[in-house]
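Step one of this worksheet: look at the structure below.
The values are calculated or read from the model by the stated rules, or taken from the named source; none is laboratory data. Owing to the predicted nature of the structure, the values given are computational and were not obtained by experimental measurement. Here Cβ is always computed from backbone atoms with ideal geometry, including for glycine, and neighbour counts include all displayed protein chains. Accessible surface is based on the protein model in full, side chains and every heavy atom, while ligands, DNA and RNA are left aside. Shrake-Rupley method; radii C 1.70, N 1.55, O 1.52, S 1.80 Å.
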Amino acid sequence: MKRLLEWLCASLAALALFAIMILTLIDVVGRKLLSESVPGSLELTELLMVVVIFAGLPLVSLAGEHVVFDSIDPWLSRTVRRVQGLLVEGACAAALAGIAWLMWIKGSQMLEYGETTAQLKLLKAPFIYGMSVLCGVTALVHLLLAVSPAAHRRVGVDEAPGAGA
Amino acid sequence: MIEALLGFAGVFALALLRLPLAFAMGFVGFIGLGWVRGWGPTAASAAQVVYETGFAYTLSVVPLFILMGNFVARAGLAHELFRLAYSFIGHVRGGLAHATILACAGFGAICGSSIATAATMSKVAYPSMKKLGYADYLSTGVIAAGGTLGIMIPPSTIMVIYGIVTETHIGKLFAAGVIPGLLCAGLLMVGVAWITWRDPQAGPAGERSTWRERLVALRDIWGVALLVVVVLGGIYGGIFTATEGAGIGASGAFFFALARRRLTWLMLREVLVESARTTAMLFTILIAAMMFSSFVNFTSMPDDLKRWITTMGLPPLAIVGAMMVIYVLLGTIMEELSMVLLTIPVFFPIVTQLGFDPVWFGVLIVLVVQIGLISPPVGMNLFVLNSLLKDVALKQIFRGVWLFVAMLVVALAIVLEFQPLALWLPSFMK
């Protein structure tokens, strides 16, 4: 189940990112050289960005790649760290569940108003629902980590990191 | 004022309890905003922030530049850059260390991440230095410090994020980073010269290369050099936006890796997923920081501080200098991106109020991030090297890096005093 989820999210995020790259290339080349742009390319990029970010989110949590201040870890006993982990993962799960709930409401509102993108007239609501679902999935990931901290790998620095800074 | 101070204290407390920084900022931002504005509007604005940050065309610049760097890293370009730099400078004392810095600077022109630059260079430069008998403290220090050139020499993830949150022109920020980036590289090389002058055993000279070898080494990198010229030249020349440039850069790097037959399906997938993960991680921090700053902006703190500073009547440059001291000190213990995002809502309005150019302040921010990344006890670059080079003790890495920290502080002081170093190049842009 966990493996399937990981595979699914990774594939979604990878495909969306590759699509953004190619879309931007075709759009720019088309516009500069042939003065013809891809219709709705901006909107498509926006929709794809949502997929990249929110399908990537469960993966970040699963890999324990969120930035944490862990310098005092060595001074804490194992029991303390176990309890701490439980609380921290629980809090993360609660926060993400909250966001999932808020986004679900937002999605319902947008569906009600029938809000679409400007050019291609794509319904936005399914994407907002998607954000909500993926935040919910990430909340579940944190619950999983709370129960079995072994699933938690150390900050992903040992595997060719491309991290922010 | 009190609410905001409590908010900052709350973020630090939660972070100390090991809550991920993004969640700490988000929590405090949400609760704080709920406190001062009421829960209904706060819930709506939280959903709006998440929605708007997700659906933002201009923000696609972030994953695209990350992707470009990751493709080029996998294409094995770092080897060629290192060989090129070595062929020109390897024969002087500490030549390999000098070459490492130059190769980092070159790599920084494609890669916008300090950590990725240091990680890539550790695989290329460290074995060569080890073979020639370089002292570990010198080789690791120089790789950690050289890696930070990745974020000063454009493109730069930190500059992109600073540009997004402060609405500063990203192209101008990129242009502004060029001269300070070269200044940093130069000062780091002075550091290498100093170390090898004091301790010649630490970095013996290598063999002199012939001009033929140098030309061959040059030929190996022209493809990527062209890509850099097209992407950055296009952005500077106003031919395309930063986002479009990033798309061209990522595609170019993809085809480059493809042409060099370095790309398998599996690896392509890996690069894409890795870049998406980094993107998701950055956006979590970004969204949380936006919630936090909308809380801080709703309190009286930014105005209070502005008024307080105006009544103090200090010279403006001294105030920015004091901010830099705070940053350098905070940077020794804090993760740098969160440090910047946390403080921007307070510092940025003051800086613009004092009449300083946001582009120049952006360059200073990048410099303090560079310093923070390599200053013990908490410096990401040092930890990355420690985990990649298993047989070098963290103590050795710490020992070697201090002089380079000092050199970057000198660079910070120079750019603080001479603003045109940052602002001259962007002044040619529309």
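A few points about this structure:
- Count of Lys pairs (Cα-Cα under 19 Å; at least 8 positions apart or interchain) in chain B: 6
- Between residue A:84 and residue B:332, the simple spin-label model (points 7 angstrom out along Cα→Cβ) gives 2.2 nm.
- Sequence of B:236, B:57, B:126 from largest to smallest accessible area, 1.4 Å probe: B:236, B:57, B:126
- Size of the B/A contact, given as accessible area buried on both chains, probe 1.4 Å, in Å²: 5900
- Angle of helix B:301-312 to the longest C-alpha principal axis of chain B, folded into 0 to 90 degrees and rounded to 10: 80°.
- Among B:12, B:348, the sequence by solvent-accessible area, most first, with a 1.4 Å probe is B:12, B:348.
- Each label was represented as a point 7 Å from its Cα along the Cα-to-Cβ direction; for residue B:36 and residue A:101 these points are 2.5 nm apart.
- Residue list for segment A:74-106, given a label point 7 angstrom along the Cα-to-Cβ vector of residue B:12 and an amide N cut-off under 16 Å: none
- Listed residues B:264, A:79 arranged by accessible area, highest first, probe 1.4 Å: A:79, B:264
- Angle of helix B:265-298 to the longest C-alpha principal axis of chain B, folded into 0 to 90 degrees and rounded to 10: 30°.
- Qualifying aspartates and glutamates (Cα of each under 16 Å from Cα of residue A:32; at least 8 residues distant if same chain): B:244
- Point-to-point label distance, residue B:226-residue B:267, nm (Cα→Cβ direction, 7 Å offset): 2.1
- Only DSSP H runs of four or more residues enter the estimate; each adds -39500 (n - 2.57), and after division by the residues of chain B the mean residue ellipticity at 222 nm equals -26000 deg cm²/dmol.
- To the nearest ten degrees, helix A:125-147 and the longest principal axis of the Cα atoms of chain A are 10 degrees apart.
- 15 Å reach of a label modelled at residue B:310, 7 Å along Cα-to-Cβ, counting backbone N of segment B:353-378: B:353-356
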